[in-house]
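Taking it in order: structure first as structure tokens, then the write-up.
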Amino acid sequence: MSQSNDNEFMNEFHDDLMAPDNKKSINNQQEEEFKPLTIRNFLLTFKEFFIIWINQILCYNKIYSRSIFDKFKSFNLIVYKNRFPNFNKYLNDLIENIIINLIINKDKPNSLKSINCLILNEKTNEVKKKYSINFYQFIINLNKTIYNLNQDELDDTSALIEIQDLGWNEIYTQFNTILFQHIQELKKSNDGREVNDSNFNSSTNFTSDDNNDSQDNDLFFKITVDVDKSIYITKNNWTRLNEDVGGGNNATNSTKFMSIGNLDLKVLNLDFSNEYY
């Protein structure tokens, strides 16, 4: 298991995000024309999904004040996205690191097992929740079909994906479905009650109580990946952790496991699960 080596950055960033911000805007993502279904465009779509997936976890768990999240349209759903450029750069760099080093340039089947977002108590370091994207099949030797994740269409020399019944409509539909299920589960507390979401409104105005909702919250997050033991990625700003770091050491008879759903996209097959401790 490895973790992005960003503890110092995260501690500083935590304090920055607590500063008040009066910006009240809504970012609406315009529906764009479908691009050629290439390996690169497919992975960029997965990258977008991952960033939205993480943002929903941090928003609904109140890791940061909800006042710093704007409404945003992605995969035909209204979602919430952190507006801070430094935070967005951190997530962007993180998922690009994963895609390039553990998906494109992987040399063994099933070397990447899962990406996990851990919600933990900062004071005790006790993991409270674990959100996982589990990889159970994806194409090997992608490095022979793609060279970079540059978003310039003119530079896209990656291979076309020509698989029967797999087109952009199917891809976006599956991402839409799993993201909807992810959000619905996040809206519930551990006992199944709906979280009060009334403080979100059309202009992202938040009550003073909501602006302070994370001030008394000792929760924070870590991003980890589970990889095959034979994989060494320490040279890419990652640190190997002990196997019991990641929620497993918290598992008890009262641990609640929730299967969220799966994606069957031929090129990349995933399932999603949550654990509550």
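Please arrange SER65, SER273 by how many other C-beta atoms lie within 10 Å of their C-beta, fewest to most.
SER273, SER65
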How would you rank ASP165, ASP218, going from fewest to most other Cβ atoms within 10 Å of each one's own Cβ? ASP165, ASP218
Put a dot 7 Å past each Cα toward the Cβ at ALA159 and SER259; how far apart are the dots in nm? 3.1
For ILE95, ILE223, order by how many other beta-carbon atoms lie within 10 Å, fewest first: ILE223, ILE95
5 angstrom amide H check on GLN137, placed H, neighbours 5+ away: ASN269
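No value in this document is a laboratory result; all are computed from the given coordinates. Quick caveat, the model's predicted, so the values are computed rather than measured. Ideal geometry is used to build each Cβ from the backbone, glycine not excepted, and the neighbour counts take in all protein chains shown.
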